[in-house]
Amino acid sequence: MRLFRGGRATRDAAALIFIGVSLFALCEWLNFYDHLKVFLEQYEFVQADELLVTLTIVGVLGFVFGYRRLRDLRAEVAHRMRAERDVSWIAAHDPLTRLPNRIGLKQQVERLREDGKAGKPHMAMVIDIQGFKSINDIYGNEIGDEILAVIADRLRDIFIGSYLFRLGGDQFYAAQENAVIRDWEKLARRAIKQVSEPIEINDRYYEVSAYIGMARYPDDAANIKYLLRCALSAVSAAKREQSGEPKWFDTAIDEATAKYAELDKQLRAALKSGEVRPYYQPMIDLTSGRIVGFEALARWRRPDGSFVSPGEFIPLAEETGLIGELSAILFDRACRDATKWPRGVRLSFNVSPAQFNDRNFGRKMLETLASTGLSPSQLEVEITESMFVKDVQLVAVLLDELREAGVHIAIDDFGTGYSSLSQLSRLRFDKLKIDRSFVSSFLDDARQAMIVRAMIGLGRGLGMKTIAEGIEESSQAETLQLLGCHQGQGFLFSRAVPAEQALELMQTTWPVRSADKTAIN
Ligand code: C2E
Ligand code: MG
Ligand code: MG
């Protein structure tokens, strides 16, 4: 709203001047002033002249009063307009990073439409920050907020000539008109690098990383509004593939995303109907040939009898946050099954890094142990090396809670991840699980054999039990035993089987080479 609309004010002023001049001319023509003089003299007894002067003074003061109120009104209106602007700024911006939010993005798209720029080629990317949620959960929102603000500043420095938005949570969106593919990719790589630089807050370093999905208009998206959806779809694919490189959208990705959403729906239903259950794969002592434990492996059996691979639904559950619920259901069931086993037979349970986002996860596990009656010393928790990309100190605190209760901790898929020796020495594990990729090739590959030997030596040196995963041939079991590996697991012994079959397996002793290195039978 404007107080003075140009046309109306001018018309008003012109009309008033016209009326004033006409009145003046009329007075002249009617000889009004002479009549007035006579009138004033005639009515001197009622002091008409003083009355006229008073009226004139009142008129002038009224004018001054009116002018001053008008000025106040203008100030008030200006103030309201500013407030309105502020409110719409707040609505369209994220207060923490001061970047435009989704509403700001919508407004930007509208502006581009109005300016006729929406038809120009555009490139966009979604930057998805990994590891932020857990920092937020564990260290609190204040630290989380500071981290987001730092990331926003870093991105601002990178996307100087582009539009940058915070989509909410831990996602940012950048877009640019007429960008060149190679430059856009370069910016994306820079963003990945910059985001993963350590962030220092109060003398403590925090690390997060980024996945990036990119899309182009008009190549990928039918219109500029759809560009965001394509970039989101691409970033989901980047996350699924754990791609450290920025990922471009393509139609196959879109189909994959739709399939993924469908699978997510089905998994939620499957959890409710009990289609997902733990199966058990035995872990064998390579010297005695006896079962020393079972690893619980999730199995999703559809009503038609077909199985969905955990390689498919576990990462999905991790991404959608369903892993906590999935794991709780499986763990409860596994504990109940394990109470039927001899006390010396351990239950080994896989914990995914995403579960460490829940500060109470250790406590919840201990509660389940208590409610099912399984002794903590009969439980082993398997964590993978990818846990190390998280805050090692924090992982140590969470694991210590379990360890103090008597739970054993195993490091799974050893040799495939990011572990460094210093982290290994800091994090005290009870067991080291040599990944099956080494086991499958070490007999034919001298270098792999050296590595396996070194891993067994390392495990033994650090006082851990070692177990080789994926043993399929007796020659592998034999050699591993000779190299000093304590335990083995693999199809040679048994695949993962349902609880009832696991109980039957308990009686089995597998033929293995004795410790005095006689031949395996
Ligand atoms: P993992 O923990 O390393 O489990 C071992 C995988 O190797 C299992 O695959 C098992 O079936 C397979 N395997 C065992 N012996 C052999 C062998 O001799 N040859 C070959 N080729 N494979 C063998 P699976 O069950 O498909 O599970 C894959 C991964 O999914 C697991 O790897 C684990 O990381 C994850 N996973 C499975 N169940 C759970 C669960 O309940 N919770 C969590 N967080 N992760 C799970
Ligand atoms: Mg495992
Ligand atoms: Mg493994």
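The residues of segment 180-207 that are surrounded by fewer than 12 Cβ atoms within 10 Å (Cβ to Cβ) and either over 18 Å from the mean Cα position of the chain (by Cα) or not assigned by TED's automatic domain parsing to the domain that holds D157 (or both), listed by number, are V180, R182, E200, N202, D203, Y205.
When segment 333-375 is filtered for residues that are of a type in the set (S, T, Y), out of contact with any helix residue (DSSP H, G or I) (no Cβ under 6 Å at 6 or more places or on another chain) and within 16 Å of ligand 3 (Cβ to nearest atom), only S348 remains. Tallying residues that are more than 7 Å from ligand 1 (Cβ to nearest atom) and touching a helix residue (DSSP H, G or I) at 6+ places or on another chain (Cβ under 9 Å) within segment 488-499 yields 5. Screening F24 against (1) more than 30 Å from N223 (Cβ to Cβ); (2) touching a strand residue (DSSP E or B) at 6+ places or on another chain (Cβ under 9 Å) leaves a single unmet condition, (2).
Quick one: is K106 touching an Asp or Glu at 6+ places or on another chain (Cβ under 9 Å), of a type outside the set (F, W, Y) and on the phi < 0 side of the Ramachandran plot? For K106, the condition - touching an Asp or Glu at 6+ places or on another chain (Cβ under 9 Å), of a type outside the set (F, W, Y) and on the phi < 0 side of the Ramachandran plot - is not met. Considering segment 79-190, the qualifying helices (runs of 4 or more DSSP H), each wholly inside and each with 3 or more residues that are within 30 Å of A354 (Cα to Cα), run over 132-139, 141-158. If you go through segment 192-218 and keep only what is touching a residue at least 60 places away in the same chain (Cβ under 8 Å) and in a strand (DSSP E or B), you end up with Y206, S209, A210, Y211, I212, G213, M214, A215, R216, Y217. The single condition among (1) within 13 Å of ligand 1 (Cβ to nearest atom); (2) surrounded by fewer than 19 Cβ atoms within 10 Å (Cβ to Cβ) that I383 does not satisfy is (2). Go through segment 324-370 and give me each residue that's more than 16 Å from A296 (Cβ to Cβ), charged (D, E, K, R) and more than 16 Å from ligand 1 (Cβ to nearest atom). R343, R359, R363, E367 - these are the residues of segment 324-370 that are more than 16 Å from A296 (Cβ to Cβ), charged (D, E, K, R) and more than 16 Å from ligand 1 (Cβ to nearest atom).
Against the conditions (1) outside any helix (DSSP H, G or I); (2) under 21 Å from V345 (Cα atoms); (3) away from ligand 3 (no atom under 15 Å from the Cβ), Q481 satisfies every one except (1).
Restricting the search to segment 484-500, which residues are in contact with a strand residue (DSSP E or B) (Cβ under 8 Å, 6 or more places away or on another chain) and not in a loop (DSSP other than H, G, I, E, B)?
Taking segment 484-500 as the starting set, the residues that turn out to be in contact with a strand residue (DSSP E or B) (Cβ under 8 Å, 6 or more places away or on another chain) are 484-490, 493-499.
Within segment 484-500, Q487, G488, V497, A499 meet the criteria.
Just the residues that are more than 24 Å from the chain's Cα centre (by Cα) and in a helix (DSSP H, G or I), please, taken from segment 364-388. M365, L366, E367, T368, L369, A370, S371, T372, P376, S377, Q378, listed by residue number. Residues of segment 434-469 being within 15 Å of ligand 1 (Cβ to nearest atom) and either over 12 Å from L483 (Cα atoms) or more than 37 Å from the chain's Cα centre (by Cα) (or both), which ones? Answer for segment 434-469, where residues must be within 15 Å of ligand 1 (Cβ to nearest atom) and either over 12 Å from L483 (Cα atoms) or more than 37 Å from the chain's Cα centre (by Cα) (or both): I434, D435, R436, S437, F438, V439, S440, S441, F442, L443, E469.
Results for (1) at pLDDT 90 or above; (2) more than 30 Å from I143 (Cα to Cα); (3) surrounded by 12 or more Cβ atoms within 10 Å (Cβ to Cβ), shown as yes or no for each residue.
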site: L36; (1), (2), (3): no, yes, yes
site: V58; (1), (2), (3): yes, yes, no
site: H79; (1), (2), (3): no, yes, no
site: A83; (1), (2), (3): no, yes, no
site: A91; (1), (2), (3): no, no, no
site: P100; (1), (2), (3): yes, no, yes
site: Q108; (1), (2), (3): yes, yes, yes
site: L112; (1), (2), (3): no, yes, yes
site: P121; (1), (2), (3): yes, yes, yes
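Each residue in segment 448-485 was checked for being within 19 Å of V292 (Cα to Cα) and free of Cβ contacts under 8 Å to residues at least 24 places away in the same chain, and 1 pass.
Return yes when I329 is touching a strand residue (DSSP E or B) at 6+ places or on another chain (Cβ under 8 Å) and at pLDDT below 95 and no when it is not. Don't jump to the end; show me each part of the working.
Details: touching a strand residue (DSSP E or B) at 6+ places or on another chain (Cβ under 8 Å): yes; at pLDDT below 95: no.
Against the criterion (touching a strand residue (DSSP E or B) at 6+ places or on another chain (Cβ under 8 Å) and at pLDDT below 95), I329 does not qualify.
Check S348, S352, S386 and return the single one that is in the same structural domain as P278 (by TED's automatic domain parsing), modelled with pLDDT of 90 or more and within 16 Å of ligand 2 (Cβ to nearest atom). Break it down stepwise before answering.
Values: S352 fails: modelled with pLDDT of 90 or more; S386 fails: modelled with pLDDT of 90 or more.
So the residue among S348, S352, S386 that is in the same structural domain as P278 (by TED's automatic domain parsing), modelled with pLDDT of 90 or more and within 16 Å of ligand 2 (Cβ to nearest atom) is S348.
The values are calculated or read from the model by the stated rules, or taken from the named source; none is laboratory data. The shown structure was predicted, so the numbers you read here are calculated from the model rather than taken from an experiment. Backbone-built Cβ (ideal geometry, glycine too); neighbour counts: all protein chains shown.
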